[in-house]
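Every number in this text was worked out from the coordinates using simple rules, so none of it is lab data. None of the values given here were measured: they were computed from a predicted structure. Ideal geometry is used to build each Cβ from the backbone, glycine not excepted, and the neighbour counts take in all protein chains shown.
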Amino acid sequence: MANNPAGPPRRTRLGEWLRQPGVLVALPTTLFLLVGFAGPLVIVVVYSFMPPRTFSMFQAPTLANFVSVVTDSYYISFFWSFALATVTVGLLLLVCYPIAYGMAKLFGKWANLVTVLIALPLLISENIRLFGWVLILLKNGILDGSLQVVFGLSIPSLLYTVPAIVLGLVYVYLPFMLFPLVIGLSMVPHSLKEAASDLGASRLQIFREVELPLAMPGILIGSMLTFILSLGSLAESKILGGQAVVMIADDIESAFTFAQNWPKGSVLSVMLIAFSGALVFFLFRRIDLDRIIGRR
Amino acid sequence: MSGVASGPILQLRQIEKRFGDFTAVTGVDLDIAEGEFFTLVGPSGSGKTTMIRMLVGMERPTGGDILLRGQRINEMPANKRPTCMVFQSLALFPHKSVGENIDFPLKIAGVDPAKRRARVEELLSQLRLPLSYYEKAVQQCSGGEQQRIALARALAFDPEILFFDEPLSALDFRLRKTLEKELKDIHRETGKTFVYITHSLEEAMVMSDRIGIMQEGRIVQVGSPSEIYNEPSNKFVAQFMGEVNTLEVETAGAARVRNLADGREYQVDQDLDGFDRGFLIIRPEVVKIGPSAEALANRIEGTLYNDYALGSRVQYQVRIEDVGVHWLVERLQDEPFESVPGASVVIGWRPEDGILVRD
């Protein structure tokens, strides 16, 4: 105040910042996230630098765990995880694109029914749904048994193979690809495709020049979601794959539980998080979503 | 018909389009001459959008034939037709720059990239867009610039006929006027056949060589702008141009008609052979008011009800007390009629200024 010769009491900048209503409102959530989300991550990172097989967080840091990822052939699990995730995303794109096109452009009022039918199984535990597939793929199971009775031919067990794992991954993560694709495709105005056709473009040219680039935000988000989910998946390889391959999430689980080697589990987790994070960061930096959908 | 000499480029024979039980277009016969600017005018729901979508190949007619230079093209898809349309929404590709938009038909046609760039730059300058716009995003362009980009893209396709689906309807009045004239200039420069649709007869008058008026799925009149204005074929066409005075009349002897509403009789300058009943249309600008009306053959007395300034003209509303009908009279602003609302006035018109139509 002007008539106060001493002036207002001095406050620190931090003090003023903390008194803003937005900061106060955000404080409980921030604390909760720090304790429940960031804290455990920090602990995992710290453990990855601890000597192998220790349970203490306060030893001299070492890179021994990172070296052992290479020497103990853990890169094989990484390879399988990346390979299976890549194949899964590719198959999901092929399977989901036509369905998403139908839901966005063709089914009309029936699109809601399809949405419900696809979303409904999500209410059942993933493991239970995968055991359903075990019963189908088992030797003398539903598929094999039906073929024997109807056609009299017997097929080798499909269970515990790499294709069975891929089937499980595609099946479980289908909604996470489908719904972003539906949104992506519904953002392509029909008049633009008509205009392209009017200017001489064939169906393939319309797809390449107009539909694909305009639906790209949905395609990228769906691919990213399903890639990262597949990368960290565990149940599909264990339940449908048996001993066929070991995926990285499997290794992480064994390191923490069976092997009781927390630093080893931590280093694998940190590497997986770093890979996925780098991928997301790279894609979203490289590809300007606003530019693609024409907001800028 | 019009002064365009060459033969028809596009011929429509008994075109019909049904959607289920609904008939959008029916019984349309039309010849469009090579190089002319033809405009289809009609209110919303008159079938003009359905018409143009059939002509560019986005809809198939359910009856009749479309002939392009004598070849039937009913089933030919849009991407195989040598025609092209500027959409009402313009349908510019948001993920492509201005230059890439204009380049699109050239790229699709597989033109050599170096030639493409030169052609796009030629079109940019023809449409009065700076060459630096090649890299610009289409969303950053103004409404008028986007119009020009859409037109440039259509011209890049080098169509034999260029169709326009009300592309100017979303623009403000002044910009629309400017672009109407630019479009007419482009038509003259390119010499291409333009087929335009709009709900504004005024817009059609400014640009067109010939106009076709659509009403409820049919073409009710085709003619030059002055034919449409001076000799409307029915009440709908006459009223479409703007406010008119319409009387329902019947024949009352040689060159005389009787107003069915009040029994007053008027002279007409038209052969009434075979005319039984119909409408007498008198445009507000041919009606005289005050002293200048007193010597005219057709006169009515009324009360000045109100006056409105229309810019270059002044419109008067005159109430005919016994029937409660309001007449519209217009005069140029620089020859005003001095009176006050409530005063008795005489209005009148020359017999040759009345237009008789049957329906």
Fill in the blank from the handout: When A:V95, B:V25, A:V89 are ranked with the fewest other C-beta atoms within 10 Å first, the list becomes A:V95, A:V89, B:V25
Handout entry: Normalised contact order of segment B:243-357, rounded percent, pairs of Cα under 8 Å and 6 or more residues apart
Key = 31
Completion exercise
Here the net charge surrounding A:I76, from other residues whose Cβ is less than 13 Å away from its Cβ (Lys, Arg +1; Asp, Glu -1), is -3
Completion exercise
Any helix of chain A counts here only if DSSP assigns it H throughout, its Cα atoms span 20 Å or more along the axis, and its mean Kyte-Doolittle hydropathy is at least -0.5, and such helices are A:75-101, A:162-186, A:212-231, A:262-286
Completion exercise
proj_area_mean for segment B:243-357 (convex hull on C-alpha atoms), units nm², value 6.8
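In square nanometres, what is one fourth of the surface area of the convex hull spanned by the alpha carbons of segment B:97-176? Mind dumping the intermediate values first?
Numbers: hull surface 22.2 nm².
Orientation-averaged projected area of the Cα hull: 5.5 nm².
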Fill in the blank from the handout: Expressed in µm² per second, the diffusion coefficient of segment B:1-142 from the Stokes-Einstein equation, with Rh the Kirkwood radius over alpha carbon pairs, at 4 °C and 1.567 mPa s, is 73
Practice task
Quantify how strongly other chains surround peptide A:27-37 by giving the mean number of their Cβ atoms within 10 Å of each of its Cβ atoms.
Solution key: 0
Handout entry: Fewest-first sequence of B:Y134, A:Y173 by Cβ atoms within 10 Å of each Cβ
Key = B:Y134, A:Y173
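Whole number please: convex hull volume per residue of the Cα set in the protein assembly as shown, in Å³?
332
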Fill in the blank from the handout: Partner shielding of A:209-219, taken as the mean number of other chain Cβ atoms within 10 Å, equals 2
Handout entry: Pairs of Cα atoms farther than 29 Å apart, chain B, %
Key = 52
Handout entry: Selection of chymotrypsin sites (Phe, Trp or Tyr not before Pro), segment B:199-292, meeting DSSP coil and at most 16 other Cβ within 10 Å
Key = B:F275
Exercise for the section: Specify the angular offset, from 0 to 90 degrees and rounded to the nearest 10, of the alpha carbon long axis of helix B:113-126 from the longest principal axis of the alpha carbons in chain B. Expected result: 20
Exercise for the section: Using only Cα atoms, locate the centre of segment A:199-251 and the centre of segment B:56-111, then give the distance between them in Å, rounded to an integer. Expected result: 35
Exercise for the section: Please work out the FRET efficiency for the pair B:Q315 and A:L204, using the Cβ-Cβ distance as r and a Förster radius of 56 Å; give the result to the nearest 0.05. Expected result: 0.45
Practice task
Note the per residue figure in Å³ for the convex hull of the C-alpha positions in chain A.
Solution key: 252
Handout entry: Footprinting exposure proxy for B:R331, B:R218 (fewest neighbouring C-beta atoms within 10 Å first)
Key = B:R218, B:R331
Completion exercise
For segment A:74-186, inverting the pair-averaged 1/r of distinct alpha-carbon atoms gives a Kirkwood value in Å of 16.0
Fill in the blank from the handout: So for R0 = 56 Å, FRET eff. of B:D112-A:Q148 from the Cβ-Cβ r, to 0.05, ends up at 0.35
Practice task
Determine which lysines satisfy two conditions relative to B:K288: a Cα distance under 24 Å, and not lying fewer than 8 residues away in the same chain.
Solution key: B:K235
Handout entry: Evaluated over segment B:218-281, the Cα radius of gyration and Dmax, each in Å
Key = 12.7, 35
Practice task
Label segment A:16-150 by shape, choosing from rounded, prolate and oblate, from the square roots a ≥ b ≥ c of the eigenvalues of the Cα gyration tensor; if a/c is under 1.5 it is rounded, and otherwise prolate applies when a/b is larger than b/c, oblate when it is not.
Solution key: oblate
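Can you check what the net charge comes to around A:L214, using other residues whose Cβ is under 11 Å from the Cβ of A:L214 (Lys, Arg +1; Asp, Glu -1)?
Here the charged neighbours net out to 0.
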Fill in the blank from the handout: Here segment B:105-225 gives, from Cα atoms, an Rg and Dmax in Å of 15.9, 49
Practice task
Please work out whether segment B:42-95 counts as rounded, prolate or oblate from its C-alpha gyration tensor, where a ≥ b ≥ c are the square roots of the eigenvalues and a/c under 1.5 means rounded, while otherwise a/b larger than b/c means prolate and anything else oblate?
Solution key: oblate
Completion exercise
Mean Cβ-within-10 Å packing, highest first, puts peptides B:188-201, A:141-154, B:309-322 in the order B:188-201, B:309-322, A:141-154
Practice task
Add +1 for every Lys or Arg and -1 for every Asp or Glu among the other residues with Cβ under 13 Å from the Cβ of B:T178, and state the total.
Solution key: +1
